[in-house]
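Student: Structure incoming, see below.
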Amino acid sequence: MEHFSYHCAPCHSNDGGGHTVFGRGLYPKPPDLRAAGTQNKSDGELYYTIDDGVRLSGMPAFSGTHTAAQTWRLVLFIRHLPQITAEELNEMKGWDPKSEADPAHF
């Protein structure tokens with residue numbers, strides 16, 4: 001959750017819906033990671049997207065900054081997003097890079 005919140009949520013939001021300041025400004029828009037279009041992809045397709053990015057979009061390649069284990073954990077977390085709880089989302093707020101919990105926010 002912490003890794004997703006810090007690296008992915010600025011565009012995809014903690015709940016995976018993509019409704020963020022950055023997400024609204026991107027073209028194409030970040031997909032709703034909870035939706036069937038993402039959830040129906042294979043684990044390998046999700047891994048590839050995270051690792052290699054999406055050309056001509058705002059999705060960067062994380063292969064140079066993430067280990068394989070981190071990327072696989074992100075795939076597992078994306079699978080969890082449709083069932084994410086309010087408690088988990090509340091916990092994730094504390095990890096947001098620009099949250100009120102971050103002293104650099106002020």
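The values are calculated or read from the model by the stated rules, or taken from the named source; none is laboratory data. Quick caveat: nothing in here was measured; it's all calculated off a predicted structure. As a convention, Cβ positions derive from the backbone with ideal geometry for all residues, glycine included, and neighbour counts pool all protein chains shown.
Student: Condition first: outside any helix (DSSP H, G or I) and loosely packed, with under 12 Cβ neighbours inside 10 Å. Now tell me which residues in region 34-66 satisfy that.
Tutor: Listed by number, the residues that qualify are N40, S42, R55, L56, G64, T65.
Student: Then there's this: Among the numbered criteria (1) at pLDDT 95 or above; (2) in contact with a Lys or Arg (Cβ under 7 Å, 6 or more places away or on another chain), which single criterion is violated by S99?
Tutor: Checking S99 against (1) at pLDDT 95 or above; (2) in contact with a Lys or Arg (Cβ under 7 Å, 6 or more places away or on another chain), the one that fails is (1).
Student: A69 - would you say it is surrounded by fewer than 16 Cβ atoms within 10 Å (Cβ to Cβ), outside any helix (DSSP H, G or I) and among the aliphatic types (A, V, I, L, M)?
Tutor: In short, no.
Student: Only residues that are assigned to a loop (DSSP other than H, G, I, E, B) and either touching a His at 6+ places or on another chain (Cβ under 9 Å) or of a type in the set (D, E, K, R) (or both): list them for region 20-33, please.
Tutor: Within region 20-33, T20, K29, P30, P31, D32, L33 qualify.
Student: Filtering region 80-92 down to residues that are of a type outside the set (D, E, K, R), assigned to a helix (DSSP H, G or I) and over 14 Å from the mean Cα position of the chain (by Cα), which residue is surrounded by the most Cβ atoms within 10 Å (Cβ to Cβ)?
Tutor: So the residue we want is N90.
Student: Yes or no: F77 touching a Cys at 6+ places or on another chain (Cβ under 7 Å) and surrounded by 13 or more Cβ atoms within 10 Å (Cβ to Cβ)?
Tutor: In short, no.
Student: Out of region 69-97, which residues are more than 13 Å from G16 (Cβ to Cβ) and in contact (Cβ under 8 Å) with a residue 12 or more places away in the chain?
Tutor: Matches in region 69-97: Q70, T71, W72, R73, E91, K93, W95, D96, P97.
Student: Working carefully through the options G23, G16, find the one that is on the phi > 0 side of the Ramachandran plot, in contact (Cβ under 8 Å) with a residue 12 or more places away in the chain and touching a Lys or Arg at 6+ places or on another chain (Cβ under 8 Å).
Tutor: Step by step, each of G23, G16 is checked, and only G16 is on the phi > 0 side of the Ramachandran plot, in contact (Cβ under 8 Å) with a residue 12 or more places away in the chain and touching a Lys or Arg at 6+ places or on another chain (Cβ under 8 Å).
Student: Do you know which of the residues in region 1-33 that are over 10 Å from the mean Cα position of the chain (by Cα) and among the aromatic types (F, W, Y) is surrounded by the most Cβ atoms within 10 Å (Cβ to Cβ)?
Tutor: Selected residue: F22.
Student: Right, here's the next one. If you go through region 25-39, how many residues are at pLDDT below 95 and small (G, A, S)?
Tutor: Matching residues across region 25-39 total 1.
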